[in-house]
Amino acid sequence: MKTVTAGKPKIVPITGAGACAQAMRQINPDVVAAFPITPSTQIVEDFSAFVANGQVDTEFVTVESEHSAMSACIGASAAGGRVMTATSSAGMAYMWELLYVAASMRQPVLMSLVNRALTGPINIHCDHSDSMGARDAGWIQLYSENNQEAYDNLVMAARIAEHPDVRLPLMVCQDGFITSHSIQTMQLEDDKAVRAFVGPHKPHHSILDTDHPVTWGALDLQDYYIEHKRGQEQGMRNALRVIQEVSDDFAKTFGRHYGLFEDYRLEDADIVLVALNSAAGEIKEVIDEMRAKGEKVGLLKIRSFRPFPYAEIGKALSGASIVTVLDRSASFGAHGPLFTEITTAVYNYSPNRPLLLAHTFGLGGRELTLRHIEHIISESRICLDKGEVGNRQGLWVNVRGDKL
Amino acid sequence: MSELKNWQELPYGGVILEAGSAAKYETGSWRTWKPVTHRENCVHCLKCWEYCPEDAIVLENGRDSAGAPRKFVKEVNYYHCKGCGLCIRECPVNKEGKAVALEFVRDEV
């Protein structure tokens, strides 16, 4: 391993993409295979500079497509390496088939995903349609509000994904441009401290171990496929516990606390907003303003979307009177994916059964301003006073031609 | 095939830890037609053995007319033979049409 500086954490101005590249440098993975795509480009760009400068020991594979990138990652992981990649939008869509292969082969490949809209019409800006579409692929999905969280999640990623009770690939999501390209200050931990926290990688039935030859990716038919899938599901169920354990250890080491979700001023809130990633920052701002005016409003920000902590979230929402869910992706002909999960959590685990209101916002990078959030909260109040959400259900926010 | 295992007993991700374990997998039940050897007509050219995708042609050691050691076709391993018929197609005795060294017959279920 390359020698690293021992020192104190630094407060640095950095973009979200730059922060993830720094985390990758500190983790020093064995293999990175990536094909740069906006807005995740800076991650790959910065990291290739680290490789060229000799700051990491990583074998950097410049592949010809994302399909090849994920294929190379799976092969390198099966060979016993710690493997990372970064992508966005159409790039991950092109990995589609391999996302499932990585998960079902239980290869703990780590991905820094910068959320971007999927094409049609072509758009490079933020929404969550890429990761939401991949939610059934079997990857752990951690969402990040800002640079610091994207960095911290990536530092924790290896220990979660490689845990012997989990062994699943993991993607750390952050909002394209809003987080990936905005410079914010954050705490960059010491190289040595991060490397010690992450720890060495233990190969698992490596295909390069010729004394113990194994076969990965064999045909699996009616007699065993479903048993392997059941084992995969168990890895995901175990991940709920492991994510919390690793997060608790992270808090002990670096002082920043993370749960499976964050509750912001939730204890006595009548109106609760639910959101992912950067929108949570603006929502907190508005909550503070409206709290000052006496409106009891709070936020539940999801960190772990896969696995989804149904019971814990249902319990956290059991004091709410209305839960308004803001989805940054559309499932055409259905409510947004976050809303359906929250509904499941509330129906099963919130005895008081709050009203549930679905909104879609921000597709293709459409802004969600503080005024929009205020409006959403006052509309939620109206629903609450009426005792029903009525025709407000499923409204899209900040779309010309619609009211909200 | 050995007794089927529960999901808890399986190694992660369908990895196969034992080299050569494919030999334990019974594929003979896939067969609807089966090759039958007629050794009296066989010239032991080993074409069937060479072409068989399942390695289901079993050979035995013997000696040729000059006394040198060589392999002879012994039998078909019906535990692995899927009944694809490649051996029937490639058999040079069959091709000549005068005799049948390998015969394809409907398998009994």
Notebook entry, point to check: To the nearest whole number, what is the average tally of beta carbon atoms from other chains within 10 Å of the beta carbons of peptide A:223-229?
Noted result: 4
Item checked: Cut-off 11 Å between beta-carbons: net charge of the residues surrounding A:GLY255, Lys and Arg +1, Asp and Glu -1 -> 0
Item checked: Karplus 3J(HN,Hα) series, Hz, for the range A:254-263 with 6.51 cos²θ - 1.76 cosθ + 1.60 (x for Gly, Pro) -> 10, x, 10, 9, 9, x, 6, 8, 10, 9
Next item on the list: Would you calculate, for chain A, the mean residue ellipticity at 222 nm contributed by helices, counting each DSSP H stretch of 4 or more residues as -39,500 (n - 2.57) and dividing by all residues, to the nearest 500?
Entry: -12500 deg cm²/dmol
Note to self: Neighbour counts of other C-beta atoms within 10 Å: give me A:ARG25, A:ARG265, A:ARG237 arranged from fewest to most.
What the structure shows: A:ARG237, A:ARG265, A:ARG25
Item checked: Sequence of A:VAL83, A:VAL114 once ranked by neighbouring C-beta atoms within 10 Å, starting from the fewest -> A:VAL83, A:VAL114
Next item on the list: Just tell me how shielded B:14-25 is by partners: mean number of partner chain Cβ atoms within 10 Å of each residue's Cβ, no decimals.
Entry: 5
Item checked: Computed magnitude of the charge dipole of the range A:66-158 (debye, nearest 20; Cβ of K, R +1, Cβ of D, E -1) -> 260 debye
Next item on the list: Can you grab the distance from the C-alpha centre of the range A:127-189 to the C-alpha centre of the range B:68-94, Å, no decimals?
Entry: 57 Å
Check: Counting partner chain Cβ atoms within 10 Å of every residue's Cβ in B:3-12, what's the average?
Finding: 5
Checklist line | Cβ-based charge dipole, the protein assembly as shown, positive-most Cα from A:LEU357, B:LEU17, A:THR344 | finding: B:LEU17
Notebook entry, point to check: Size of the dipole of the range A:153-201 about the Cα centre, Lys and Arg at +1 and Asp and Glu at -1 on the beta carbon, nothing else charged, in debye to 20?
Noted result: 100 debye
Notebook entry, point to check: Counting only residues 5 or more places away or on other chains, whose amide H sits under 5 Å from the amide H of B:LEU59 once H atoms are built in the peptide plane?
Noted result: B:LYS74
Item checked: About the Cα centre, charge dipole magnitude for the range A:10-254 (Lys/Arg +1, Asp/Glu -1 at Cβ), debye -> 260 debye
Note to self: With 10 angstrom as the radius, rank A:THR344, A:THR324, A:THR38 by how many other C-beta atoms surround their C-beta, starting from the fewest.
What the structure shows: A:THR344, A:THR38, A:THR324
Check: Lys/Arg Cβ at +1, Asp/Glu Cβ at -1, dipole of the range B:7-106 taken about the Cα centre: which of B:TRP7, B:LEU102, B:LEU59 is farthest positive-ward?
Finding: B:LEU102
Next item on the list: With unit charges on the beta carbon (Lys/Arg positive, Asp/Glu negative), name the residue among A:ILE14, A:LEU168, A:PHE50 whose Cα is farthest towards the positive pole of the charge dipole of the protein assembly as shown.
Entry: A:LEU168
Item checked: Bridge type composition, the range A:261-396 - antiparallel percent by DSSP, nearest 5 -> 20 percent
Margin query: Please report the net charge: other residues with Cβ closer than 13 Å to the Cβ of A:LEU370, K and R +1, D and E -1.
Written below: -4
Notebook entry, point to check: Roughly speaking, what is the centre-to-centre gap between the range A:325-404 and the range B:1-36 when only Cα atoms are used, to the nearest Å?
Noted result: 51 Å
Check: Using a ≥ b ≥ c from the Cα gyration tensor of the range A:81-213 (square roots of the eigenvalues), is it rounded, prolate or oblate, where a/c under 1.5 gives rounded and otherwise the larger of a/b and b/c decides, a/b for prolate?
Finding: oblate
Next item on the list: Give me the angle, in degrees from 0 to 90, between the Cα long axis of helix A:147-161 and the longest principal axis of the Cα atoms of chain A, rounded to the nearest 10.
Entry: 50 degrees
Notebook entry, point to check: So what's the net charge close to A:GLY120: Lys and Arg +1, Asp and Glu -1, counting the other residues with Cβ under 14 Å from its Cβ?
Noted result: -1
Checklist line | Cys with no candidate disulfide partner in the protein assembly as shown (beta-carbon separation under 4.7 Å rule) | finding: A:CYS20, A:CYS73, A:CYS126, A:CYS173, A:CYS383, B:CYS42, B:CYS45, B:CYS52, B:CYS81, B:CYS84, B:CYS91
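Coordinate-derived values only; no laboratory data. Not measured: the values here are computed from a predicted model. Methodologically, a virtual Cβ is constructed for each residue, glycine included, from the backbone with ideal geometry; neighbour enumeration extends over all protein chains shown.
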